[in-house]
Structures are given as C-alpha cells and as structure tokens.
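Right, one structure below, let's go through it.
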Amino acid sequence: MRKTGTEWWRPGLYARRRPNLLRRAACLAAIRGYFAGAGFVEVETPALQVSPGLEPHLKAFATELERPDGGRQALYLHTSPEFAMKKLLVAGEEKLFQLAQVFRNGERAALHHPAFLMLEWYRAGVDYRRIMADCEALLRAVAAGCGESRLRWHGQQADITAPWQYLSVAEACRLYAGIDLEACIGADPLHPDLAAMRKACAAIGLRVDEGDGWDDLYFRLALERIEPRLGLGAPTILYDYPIHMAALSRPKPGQPRLAERFELYACGVELANAFSELTDAAEQARRFAADMALKRTLYGYDYPVDGDFIAALEHGLPDCAGIALGVDRLVLLLCGADRIEEVLWLPVADA
C-alpha cells in the first residue's frame, strides 16, 4: 500500500508544485547563463564510479557492472562528481562546471533527498577567494533570472543583493558560542585537544557524551549554536577551518593551522562547501587512508580509493579551487518551500 500523499503525479498535487518547478527551471537557466558568460565549459561525467567519494560519513549506493565477457566489477553511484572533474583539470580544462545528479543513501529529510542536483565548478590558477566572488555573482545572477532576491526558510530571510557577511570559523565560535577555538585545538593542530574541547562545550551547556570525539563536539556546537545564526538578513560565508578538518583543501599559506575551506549559508541552511584544492598526491592518499580507517571504525566498512584519481594527481593537478552547491536547497529557499520534494519534478518514490 502506497503512503498517502506520495503520488506526486496527481494533478492537484502537481499543480501546487508547478510554480516552484518553473522557478527551478529559471534558476538552472540563470546558472548556465552565468557560467557561459564567465567562459566556463559545461561537462558531463559518469555517475558510475569506482569510488563514490570518500567522506567518512556518507553512505553510497552500490551496484555491479557486468562486462560482455561475463566478468563483474563493483561500482557505485557517485556522491559528488569531484574526482572526475579534477581529472579534467589535469587533462587541461581551466574553467569547468557541471550540474550533476548525485546519490547519497540513508538521507531523507526536509533538506535531504537520496538523489539531488549538485552544481560543482572549478577554476585553475585561483584560490578559494575567487570562488567566494563567484558565489556572490552567481547568486545575484540567479536572483535576477528568477525575479526573486529573497531566500526564505522557517521564518528567516536572506537578501542575496544585500552586503554578504564573511566570518571565520574561529570568529563564529567566539561570537555565537563564546568559545575560543584556538584554545580548544591546542598545541598539535592535527590532533586537537579533546579535553579542552569537552571542557569548553560543557561550560556553555552543550551536551557532552562520553564517547564524543573532538569533531562530534564541533558538529554539535555548529548545529545548535552557530549554523542557525548564519545567513540571516544576507548570505554568510564561513571560512578558514581547522587544518584537521581540511577534507580536500590545502593548508592556508602563512597559517598552517588553518585550511582554505569555506561554506556558504543562507537562512541557517548550508548551501555550499568549497576549497582551495589539495594538489599533493601523497598527502591526498594519506587523507583517504585515514578517512577510510575512520569509516571502518565507525560503520564497519569502507570504499575503495580511485587509483586513477591518485594517478591523475601524481601527473599534476594545477593549483585550483572548487565548490559544490546544492541546487535543490537553493531552489527551496528561493521558493520559501518547506521540503526538498516540493521543488523536485518527481521525487524518489517512497512506497
């Protein structure tokens, strides 16, 4: 028996969503127009990959490739087109973007969907500051193309055309939580001081569980005290993360305790995650190994590393910066909708 309300093709339900869907189409047209005007090439890369992405907490969809000779190979639906797009940077592309359907299992909520549209773009020869400028210019182009400059979510608003807020992670922790992040990191930035972080979080009344690691406490701090305050009135760019949270970003020149990483927020909602990209193949392989070791510890399984990606890095990834932006979330905020399903032509069936 189908759940009531999940037959998205019913004319009445579709008619209520259709204005959102037309705004979605206008948003995509504006995105493509911005990148065409900026001299980017639009690319398409396979959704089927050897490695789906190696963020420890993401769960991928697994499948199997059957070869004509009867052989079989495990493959995954990508959680991001990042690895493939960086291979194209190695090949010689300098400015590229992609609107890609990506897939993440175990995710379904107001702001999450198992299949969603991700916009990624990369520039060679720049750092994350140029991508920040792209974000402002792109969202203003989207506002003009959609005829709507206000982003709305649960009573909050952010005006794309207003001056944006730029805030470092350390500043946000001090401003919104009263926490000295530098003191909580301690002497070794690659192995931050858990005792100091536990003490600081407990002092402001944040829940501290016995098994919590440093990152667990940071994410709880961000979720409960910081993120709800970001992007109110105007979008916010939160930048310069602790180096142990570098993900795929490079260290900040002159400030090796920090990573050149930023996230874009509006109305308390994260829209995008960006980096000055790591180009060191050996360091990337080390981080992948550490991430997969953590995944095995937490979940009892891991994903293969894409050896072709490491080989591409060894050949030479140019200095570059890139970003992943959730298009469905952007459209949701442009429409003031409550759930992602309200801005999808047809959501994934939920029988």
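The values are calculated or read from the model by the stated rules, or taken from the named source; none is laboratory data. What you see is a predicted model, and the numbers here were worked out from it, not measured in a lab. Heads up, the Cβs are rebuilt from the backbone with ideal geometry, glycines too, and the neighbour counts pull from every protein chain shown. Protein only, heavy atoms only, side chains kept; ligands, DNA and RNA dropped before computing areas. Shrake-Rupley method; radii C 1.70, N 1.55, O 1.52, S 1.80 Å.
The set of residues from region 293-323 being closer than 17 Å to MET245 by Cβ and surrounded by fewer than 21 Cβ atoms within 10 Å (Cβ to Cβ) comprises ALA293, LEU294, LYS295, LEU298.
Is it fair to say TYR176 is over 17 Å from LEU271 (Cα atoms), hydroxyl-bearing (Ser, Thr, Tyr) and open to solvent by less than 20 Å² (accessible area, probe 1.4 Å)? Taking the combined requirement at face value, the residue does not satisfy it. Say whether the condition of being more than 20 Å from the chain's Cα centre (by Cα) and either surrounded by 21 or more Cβ atoms within 10 Å (Cβ to Cβ) or in a loop (DSSP other than H, G, I, E, B) (or both) is met by at least one residue in region 112-131. Checking region 112-131: at least one residue is more than 20 Å from the chain's Cα centre (by Cα) and either surrounded by 21 or more Cβ atoms within 10 Å (Cβ to Cβ) or in a loop (DSSP other than H, G, I, E, B) (or both).
What is the number of the single condition among (1) of a type outside the set (A, V, I, L, M, F, W, C); (2) over 26 Å from ALA266 (Cβ atoms); (3) open to solvent by 20 Å² or more (accessible area, probe 1.4 Å) that ASP212 does not meet? Only one criterion in (1) of a type outside the set (A, V, I, L, M, F, W, C); (2) over 26 Å from ALA266 (Cβ atoms); (3) open to solvent by 20 Å² or more (accessible area, probe 1.4 Å) is unmet by ASP212, namely (3).
Reported count of residues in region 252-267, each being surrounded by fewer than 19 Cβ atoms within 10 Å (Cβ to Cβ) and touching a Pro at 6+ places or on another chain (Cβ under 7 Å), is 1. For ALA337, state whether it is part of a loop (DSSP other than H, G, I, E, B), open to solvent by less than 10 Å² (accessible area, probe 1.4 Å) and within 27 Å of GLU107 (Cα to Cα). When the stated conditions are applied, ALA337 passes them.
For region 233-258, which positions are of a type outside the set (D, E, K, R), in contact with a Phe, Trp or Tyr (Cβ under 9 Å, 6 or more places away or on another chain) and closer than 22 Å to GLY326 by Cα? Within region 233-258, ALA234, PRO235, THR236, ILE237, LEU238, TYR239, TYR241, MET245, ALA246, ALA247, LEU248, SER249 meet the criteria.
To keep it simple, each residue is scored yes or no on (1) under 16 Å from VAL343 (Cβ atoms); (2) free of Cβ contacts under 8 Å to residues at least 60 places away in the same chain.
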{"residue": "GLU7", "(1), (2)": "no, yes"}
{"residue": "ARG17", "(1), (2)": "yes, no"}
{"residue": "GLY33", "(1), (2)": "no, no"}
{"residue": "GLU42", "(1), (2)": "no, yes"}
{"residue": "ALA47", "(1), (2)": "no, yes"}
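Annotation note: Cβ proximity below 8 Å between a residue of region 305-327 that is without any contact (Cβ under 8 Å) to a residue 40 or more places away in the chain and a residue that is small (Gly, Ala, Ser) (sequence gap 6+ or interchain) occurs for ILE310/ALA281; ILE310/ALA285; GLU314/ALA281. Is it fair to say TRP164 is at pLDDT below 95, surrounded by 13 or more Cβ atoms within 10 Å (Cβ to Cβ) and of a type in the set (A, V, I, L, M, F, W, C)? Taking the combined requirement at face value, the residue does not satisfy it.
When you scan region 179-189, do you find a residue that is under 27 Å from PHE35 (Cβ atoms), of a type outside the set (A, V, I, L, M, F, W, C) and surrounded by fewer than 17 Cβ atoms within 10 Å (Cβ to Cβ), even just one? Within region 179-189 (the criterion being under 27 Å from PHE35 (Cβ atoms), of a type outside the set (A, V, I, L, M, F, W, C) and surrounded by fewer than 17 Cβ atoms within 10 Å (Cβ to Cβ)), the answer is no, since none of the residues qualifies. The combined condition, being over 25 Å from SER249 (Cβ atoms) and not charged (D, E, K, R), is fulfilled by LEU65.
GLU283 meets the conditions (1) of a type in the set (Asp, Glu); (2) open to solvent by less than 20 Å² (accessible area, probe 1.4 Å); (3) more than 20 Å from ILE185 (Cα to Cα) in every case but one. The failed one is (2).
The strands (runs of 3 or more DSSP E) found entirely in region 9-103 that carry 2 or more residues being farther than 17 Å from GLY326 by Cα and open to solvent by 70 Å² or more (accessible area, probe 1.4 Å) are 61-66. Scanning region 133-161 for residues that are surrounded by fewer than 14 Cβ atoms within 10 Å (Cβ to Cβ) and either outside any helix (DSSP H, G or I) or among the basic types (Lys, Arg) (or both) yields a total of 4.
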